1. Treat each spin label as a single point 7 Å out from the Cα along the C-beta direction, and report the residue B:19 to residue B:404 distance in nm.
2. Which aspartates and glutamates, if any, have their Cα less than 14 Å from the Cα of residue B:409, not counting same-chain residues under 8 positions apart?
3. Give me the net charge for the shell around residue A:6: Cβ to Cβ below 15 angstrom, other residues only, Lys and Arg +1, Asp and Glu -1.
4. Which three lengths, in whole Å and largest first, does chain A cover when its Cα atoms are put on their principal axes?
5. First check a/c for the range B:299-415, with a ≥ b ≥ c the square roots of the eigenvalues of its C-alpha gyration tensor; if it is under 1.5, answer rounded, and if not, answer prolate when a/b is larger than b/c or oblate otherwise.
6. Can you compute the label reach from residue B:176? Point 7 Å from Cα along the Cβ direction, backbone N cut-off under 20 Å, restricted to the range B:125-142.
7. Could you order the peptides A:408-416, A:463-471, A:433-441 from most to least packed, using the average number of other C-beta atoms within 10 Å per residue?
8. List, largest first, the extents of the alpha carbons of the range B:360-412 along their principal axes, each in whole Å.
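The values are calculated or read from the model by the stated rules, or taken from the named source; none is laboratory data. Keep in mind that this is a model prediction, so the values were computed, not measured. Quick reminder, even Gly has a Cβ in these numbers, built from the backbone with ideal geometry, and neighbours come from all protein chains shown. Quick note on the areas: whole protein, heavy atoms, side chains included, nothing else; ligands and nucleic acids left out. Shrake-Rupley method; radii C 1.70, N 1.55, O 1.52, S 1.80 Å.
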Amino acid sequence: MGLNIEENQKLVEEILEAYPKKARKDREKHFQVADEKAIDCSTCAVKSNIKSRPGVMTPRGCAYAGSKGVVWGPIKDMVHISHGPVGCGQYSWGTRRNFANGTLGIDNFTAMQITSDFQETDIVFGGDKKLAVIMREITEMFPLAKGISVQSECPVGLIGDDIEAVSKKMSKELELPIVPVRCEGFRGVSQSLGHHIANDAIRDFVLGRAELAETGPYDVNIIGDYNIGGDAWASRILLEEMGLRVIAQWSGDGSLNELEVAHKAKLNLIHCHRSMNYMVDHMEKAYGIPWLEYNFFGPTKTYESLRAIAALFDDTIQENCEQMIARYKPVMDAVIRKYRPRLENKTVMLMIGGLRSRHTIGAYEDLGMDIVASGYEFAHKDDFEKMLPMLAEGTIVMDDPTAYELEELTKKMNIDLVGSGVKEKYVYHKMGVPFRQMHSWDYSGPYHGFDGFKVFAKDMDMTVNSPVWDLVSRQGKMEPEEAGV
Amino acid sequence: MSMDELNIKDNTSLFKEERYVQQRENKKPFEAPCSEQETAEALAYSKSAEYMEKNFSRQNVVINPHKACQPLGSVMAALGFEKTLPFVHGSQGCNAYFRSHLSRHFKEPTPSVSTSMTEDAAVFGGMNNLIDGLENSVALYKPEMVAICTTCMAEVIGDDLNSFIGNARIKGVISEEYPVAYCNTPSFVGSHITGYDAMIKGILSYLYTRSGTRGKPGSGAESGEKLNVMLGFEPYTGNFAELRKILGAFDTKYTILGDHSGNYDSPATGEYEYYYGGTKLADVPQAANALATLSLQKYTLKKTQEYISGTWNQQLAALSTPLGIKGTDTLLDTISELTGLPIPAILTEERGRVVDALMDSHPYLHGKRVALVGDPDLLIGLIGFCLETGMEPVHIVCSNGDVDYNEVKFKDEAEALLAASPYGSEATVHVGKDLWHMRSLLLNDQVDLAIGSSHLKFAAKDAEVPLVRVGFPIFDRHHMHRYPIIGYQGTLNLLSLIVNTILQQLDDHNSGFNFELVR
């Protein structure tokens, strides 16, 4: 089945028939098949950012995962306490590949699991006293830590601990910034609220607390790049080559000082708009800093973004930008010349966080690949509105798709490549469908910028064209004619 | 540019390029980092005896613990039963974490659902979520049994699973007969091993009780000859296969109670099913009639063992993970005693071959000082193995080691085991400590080798000690779990891993005249 609006509408209906009535009614609202009207006026009918149905295999995580796992965790010179029972910190320990320079356990604490390891007594008597002791012990154990954040797990909110009061008191005592973050996992419907809560904490406790020795006309911030596999580094190098000065990088390989001086920038450049839009909005209102969403996946989008960024500066920067593009373009063309013939017309289904399902579309298109279904784990309405105009008619758009739905779509849509997360990955290996883990680049990367696109192209070719998929059946893959396509 | 000139560097080499080195330097002023001197001093201090003392005197903060939380173990336990869907009652993020964590270790899918409780459930309770969740999951994933565990959220608000499941039946969401086992697994109690135990006990007792049969241990023409075997929280699918091989050699009938090896070692056939293998549900009530039960993780399966020897009134033999020659001898002796069958010649032969291999390798192992990290039963097995090869355990850290069985605590047993051997005289057993403690130990009292999970890699690297990956989780090596580490064959695998790591070290550190061909 390809991109036929009616057929795909029918397909979605058929798939949803497996649900009990109440759940079906809900799940129907989370699907849309892109038609001309939706694409042109981006009339998005998809319901998003509402509760997942209980008992389905939702791909979503929780607010804690959004705050500690995504936003705060990568701030490298602060110690982030996973405050509550041992599990949450253990599962989010070093698994998101936020690269950071520094010495682990000395001035870099990203790949560490620091927890209050709640026991039953802490639930009964509260964890506040313990939290204060923990903070003192952290300064003993990690004398170079620049600050502490408290990432609340579910029980903390339920038993009513006052982590704000403890943080305030201990911040004074230890003369360190201490940030309480109310990101208990039960709050909201996904990671998304965790991002928002984390952003609010940055706003309330950190932003604007330090000054830059000198500011300049080209000072910008990279916002919403988590440096997965080194993404932010591969992005930063282009901005700097263009003549801009990146004064803060949030939050991959980020530091407390960068959060504190970011308000001095002339422009906020935001990559993951979903997770940090709250921040750029606030900084625009509070400090008058304009912002621009950019996309460094794939050369087409990267050229577009670089030019859009340069357009906000003077001729020098614009000239630098054009010269830089001229330098890189032959390399990018060579990458495309090499890989496009191997990937042309391959169909792709994406189901990733709250941004990449749209942000990576251009990179696939640069390689000649066709997106036939695209969905997000935890996006909001605006993400769907931005995605729809990028899609071909007949593409299936989905919110919070369950494991069952994705599996059925894969079976029925003749998918050549699935891009999703580790929970999904091995299912597709059983099915013999090429799969790429697109939350942490399947332990590869970077994928951002020009250096990143080379890796992206190589990885997609490696995935789609690996001979291993042909080993699944002894007969080998059926010829397209035989399959009746 | 010709296509051949395309030089694609990924993160392993790209960021070593001069332009990225420069970028790193240029970024520093904005980071306002500590000076290089400060960092160097802090690093040196973190390796000092003074720091170690402070490290060991901390009371509350836990740094890099070697344990996960209860419901993770429950999910693994539930996957040990035929067509059983793990069902996590609480906030949905927990379930996402359990699924990712287990999948990262096994490189396999982990089917499991959640009740997705949010703020309203925190206030009003999660009953509606549980009822809707049962309806949806049974319709979509068609399990033959649902196995529910709780998270800390459901426990803190005091949700009553038994009454909720009853209400789901009254509402007709599931039939009166539909099996739903459950257990309570707050994350602020115990660890992944106690959660595993809780779910195994929950499933055994539930299926037994609802069957209405009353077990008569050792009776019944067919079932009476069977042996029940439990492997516990078992991160090695290969260990299930090895145990089957051993039991097959004995020619005894047996039931493995909790066999998740099917789910975590399923074939790529072009089709995905949610459920592979597992203990047959009908076998569970029958298991009460068995000859005896053999438990291979006595500290992990404490409550299940109490249940079996209590309610089922069944003979129970509880060992720790049978590693090494002596550990395997004990396993075979125990099977022989429980079944009355002689030890098969084929296994004795195998023993001889592995002992031969140990002899070949002993010069490279003897006197090697090792550090060990793991769950209690694994550590008992590893200590035994090290001692019989002449290796000397020095630092032993068990974050979840405060477990006792029959009033013998893990720590007491480990210390007694060490005290009984001249090679154990330098060992110290640290229970309730974490991998940051281990880092201090490794830096202040050097060892030759560290044995433990992937999480130990950070401390091992700081101390420049090679790490042999054994246990859970192993995230950064492939397929380790497919090779058994129990039994004689497992002993050979473990030996190969360890001795070849040591030999690789020799090659890495030697050059010139002692870069030798034959070892």
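1. About 6.6 nm, to one decimal.
2. B:375, B:377
3. Values: positive: A:10, A:37, A:412; negative: A:7, A:13, A:14, A:35, A:36, A:393.
Every neighbour counted, the sum reads -3.
4. Ordered largest first, chain A gives principal extents of 74, 59, 43 Å.
5. Judged from the Cα gyration tensor, the range B:299-415 comes out oblate (a/c at least 1.5, b/c at or above a/b).
6. Only B:135 pass the distance filter.
7. Sorting A:408-416, A:463-471, A:433-441 by mean packing, highest first, produces A:433-441, A:408-416, A:463-471.
8. 38, 19, 14
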